[in-house]
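Heads up: the structure comes next, in structure tokens.
The values are calculated or read from the model by the stated rules, or taken from the named source; none is laboratory data. Computed from a predicted structure; not experimentally measured. Don't worry about glycine lacking a Cβ; one is built from the backbone with ideal geometry, like all the others, and counts go over all protein chains shown.
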């Protein structure tokens with residue numbers, strides 16, 4: 001919760017922004033800018049391996065076997081993918097391999113997305129203008145502590161802490177006229193939910209818990225709910241390659257921030273492999289849509305003295 005209260009937007013501290021077209025529009029804006037400079041983008045194609053020759057990254061191998069040669073390779077993935085899946089262990093110093101074995105992911109959040117037939121009615125909100133901002137269901141410190149204890153001992157919070165946004169209150173184009181979408185960030189839920197049955201049963205059980213909790217504060221939510229999507233940490237891992245479902249590419253704890261992120265000696269967006277860089281949320285300054293890791297990685301790359309320059 002502390003991390004969600006940090007940062008600023010246009011000088012307003014602890015503020016979060018909304019973007020026209022949703023978060024996907026941010027990615028498309030970046031891709032469009034890149035294409036205007038002659039960059040070719042590929043989607044729906046998994047990288048199987050980074051090609052390394054004589055200690056230098058020279059390209060990548062796709063899952064379908066295609067090889068793409070390059071002067072440099074930049075990974076926006078988490079450290080487990082960047083260092084443990086895409087390159088062979090022999091290419092890395094033993095101390096980095098050991099550090100990656102200790103790096104903590106432990107995804108503890110889930111996501112519930114709702115399609116709504118109308119405007120939600122929160123009992124504590126009299127003026128609908130406040131629905132344009134971020135909403136929180138976490139009434140007390142004890143409430144949050146109990147939510148954490150539930151997850152620690154029984155898999156997920158029985159009354160989870162919820163961070164809610166309704167982007168259609170700001171950008172109506174994201175839904176048909178009169179309809180809305182609601183995004184719910186839910187804490188806490190464990191990566192291991194096997195005690196609750198199949199993956200589908202896990203989703204249903206957790207999703208029901210989130211909606212029942214939300215109904216205490218928004219009584220008409222079930223009446224206007226058209227569809228729901230529930231994502232557990234394992235879903236986030238499978239769908240988005242987020243190790244253990246951690247949306248920040250690793251825990252944002254004090255021992256994994258600043259020069260510790262992702263490991264001492266490798267917090268400068270470089271790797272031990274020449275021409276292979278890291279620019280994801282497991283690098284400083286961490287997760288969130290800030291573009292900070294990418295910008296800092298770009299500065300490091302452009303300022304570097306490498307054989308391919």
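For this structure, a couple of remarks:
- Residue list for segment 143-181, filter: out of contact with any strand residue (DSSP E or B) (no Cβ under 8 Å at 6 or more places or on another chain), touching a residue at least 24 places away in the same chain (Cβ under 8 Å) and farther than 16 Å from residue 206 by Cβ: 170, 171, 173, 178
- Filtered residue count, segment 13-24, keeping only those that are under 17 Å from the mean Cα position of the chain (by Cα) and exposed (fewer than 14 other Cβ atoms within 10 Å of the Cβ): 3
- For the residues 81, 60, 74, 87, the requirement of being outside the structural domain of residue 181 (by TED's automatic domain parsing), in contact with a strand residue (DSSP E or B) (Cβ under 6 Å, 6 or more places away or on another chain) and under 19 Å from residue 294 (Cα atoms) singles out 74.
- Subset of segment 87-122 [touching a residue at least 24 places away in the same chain (Cβ under 8 Å) and more than 30 Å from residue 202 (Cβ to Cβ)]: 87, 88, 91, 92, 93, 95, 96, 99, 119
- If you go through segment 218-248 and keep only what is farther than 26 Å from residue 198 by Cβ, modelled with pLDDT of 95 or more and within 19 Å of the chain's Cα centre (by Cα), you end up with nothing.
- Any strands (runs of 3 or more DSSP E) falling wholly within segment 21-132 and containing at least 3 residues that are over 30 Å from residue 216 (Cα atoms): 47-53, 56-62, 67-69, 73-75
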